[in-house]
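Chemist: Below you will find the structure I want to go over with you.
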Amino acid sequence: METPLHDLLQKAAENQKKGREFVMATVVVGAQKTPGRSGFKLIWYPDGTFEGTVGGGKLERLVLDKCAALLETGQNDFAEYDLTEEPAGIGVQCGGIAKVFFEYFPPLRKAYIFGAGHLCHSLLPILDSLGFHLVVIDNRPEFASRELLPEADEVHAIDYFAFLDDFHPVRNDAVIIFTHGHLYDFDILDMLCRKNIQVRYIGMIGSRDKVKNAVSRIK
């Protein structure tokens with residue numbers, strides 16, 4: 001059963017607000033004899049579930065496969081499907097060409113900042129202007145305060161390693177490390193490496209000697 005268009009558009013807006021990753025496929029040209037008419041949409045999620053339809057059948061299966069492939073590239077795309085049993089076709093008898101536009105919506109980008117000192121205060125406005133969801137972690141309750149860090153979306157006054165025990169960032173996230181006195185910098189970096197955390201960026205402040213020493217110890 002076709003999902004009403006306004007419901008799918010509302011769901012897409014909700015997904016974006018929540019930072020949920022998805023791909024939207026829209027039939028921009030539908031063949032006359034196929035159930036997937038122009039304007040039909042579906043929303044595909046990384047777990048393989050989807051909402052809506054582009055008409056069902058083999059065309060829909062191919063569209064879902066294309067959605068999954070786009071998750072790896074993170075790019076929008078456009079595809080044409082020959083709805084015939086000809087050599088160039090997809091093996092159906094509908095006839096005509098279906099054209100589908102694929103739009104990738106990335107997950108919410110988060111920046112995890114370990115250390116709520118003066119460097120954090122300087123960096124937060126910059127990251128906020130770039131659209132990051134900002135998470136600050138510090139083991140000092142007097143520094144880890146929403147009142148002191150108004151740009152932060154989340155502030156956690158917690159032991160750094162207790163936070164890392166249940167740390168599950170996604171690939172578009174960033175991790176920035178500059179704890180007070182650099183007391184915990186290497187140990188946080190080392191734990192990230194041991195947990196094989198895969199994110200877009202991991203940064204730790206340090207002099208050349210500190211960086212060289214940290215890299216040699218991790219190896």
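Chemist: With a point put 7 Å past each Cα toward its Cβ, work out how far T73 is from A157 in nm, to one decimal.
Modeler: Each label point lies 7 Å from its Cα, and together they span 4.9 nm.
Chemist: Measure nothing fancy, just the Cα-based angle from helix 5-18's long axis to the longest principal axis of the chain, in degrees from 0 to 90, nearest 10.
Modeler: Taking the Cα atoms of the chain, the angle to 5-18 is about 10 degrees.
Chemist: Still on this structure, please answer the following. Restricting to Cα pairs below 8 Å that are 6+ residues apart, what does the relative contact order work out to for the chain? Please round to a whole percent.
Modeler: Details: 396 pairs, mean separation 32.8, N = 219.
Relative contact order comes out at 15 percent.
Chemist: Return the FRET efficiency for the residue pair D190, V170: r is the Cβ-Cβ distance, R0 is 25 Å, and the value is rounded to the nearest 0.05. Walk me through the numbers before you get to the answer.
Modeler: Numbers: r = 21 Å, r/R0 = 0.85.
Between D190 and V170 the formula returns 0.70.
Chemist: Whole number in Å², please: accessible area per residue of the chain, 1.4 Å probe, ligands, DNA and RNA not counted.
Modeler: Working: 12240 Å² over 219 residues.
Value for the chain: 56 Å² per residue.
Chemist: Hey, what angle do you get for helix 57-73 against the long axis of the chain, alpha-carbon based, 0 to 90 degrees rounded to 10?
Modeler: That helix lies at roughly 20 degrees to the long axis.
Chemist: Give the carbon-plus-sulfur fraction of the accessible surface of segment 6-148 in %, rounded to a whole number; probe 1.4 Å, heavy atoms of protein chains only. Please report the intermediate quantities before stating the final value.
Modeler: Numbers: 3920 of 7380 Å².
Summing carbon and sulfur atoms, their accessible area is 53 percent of the total for segment 6-148.
Chemist: Restricting to bridges with both residues inside the chain, how much of the DSSP beta-bridge set is antiparallel, in percent to the nearest 5? Please list the in-between numbers first.
Modeler: On the way: 20 of 37 bridges.
Just about 55 percent of them are antiparallel.
Chemist: May I ask which of K11/K110; K11/K66; K41/K110; K66/K99; K18/K41; K58/K99 have a Cα-Cα span longer than 24 Å here?
Modeler: K41/K110
Chemist: Between R200 and E85, what's the calculated FRET efficiency when r is the beta-carbon distance and R0 is 41 Å? Round to 0.05.
Modeler: Numbers: r = 44 Å, r/R0 = 1.08.
The calculated FRET efficiency here is 0.40.
Chemist: What residues have an amide H closer than 5 Å to that of G96, excluding those fewer than 5 places away on the same chain, when H is modeled at 1.01 Å from N in the peptide plane?
Modeler: L83
Chemist: What FRET efficiency would be calculated for the residue pair D128, H6, taking the C-beta separation as r and a Förster radius of 35 Å, to the nearest 0.05? Could you put the intermediate results ahead of the total?
Modeler: Values: r = 32 Å, r/R0 = 0.92.
Efficiency, rounded to the nearest 0.05: 0.60.
Chemist: Along Cα→Cβ, 7 Å out, is where each label goes; now give me the distance between the ones at S38 and V215 in nm to one decimal.
Modeler: If labels sit at S38 and V215, their model points lie 5.7 nm apart.
Chemist: For the chain, take the longest principal axis of its alpha carbons; what is the angle in degrees between that and the long axis of helix 185-194, to the nearest 10 within 0 to 90?
Modeler: The two axes meet at around 40 degrees.
The values are calculated or read from the model by the stated rules, or taken from the named source; none is laboratory data. Just so you know, these numbers come straight off a predicted model, no measurement behind them. With ideal geometry, Cβ positions are generated from the backbone for all residues, glycine too; neighbour counts draw on all protein chains shown. Keep in mind that these areas ignore ligands, DNA and RNA; they rest on the heavy atoms of the full protein, side chains included. Shrake-Rupley method; radii C 1.70, N 1.55, O 1.52, S 1.80 Å.
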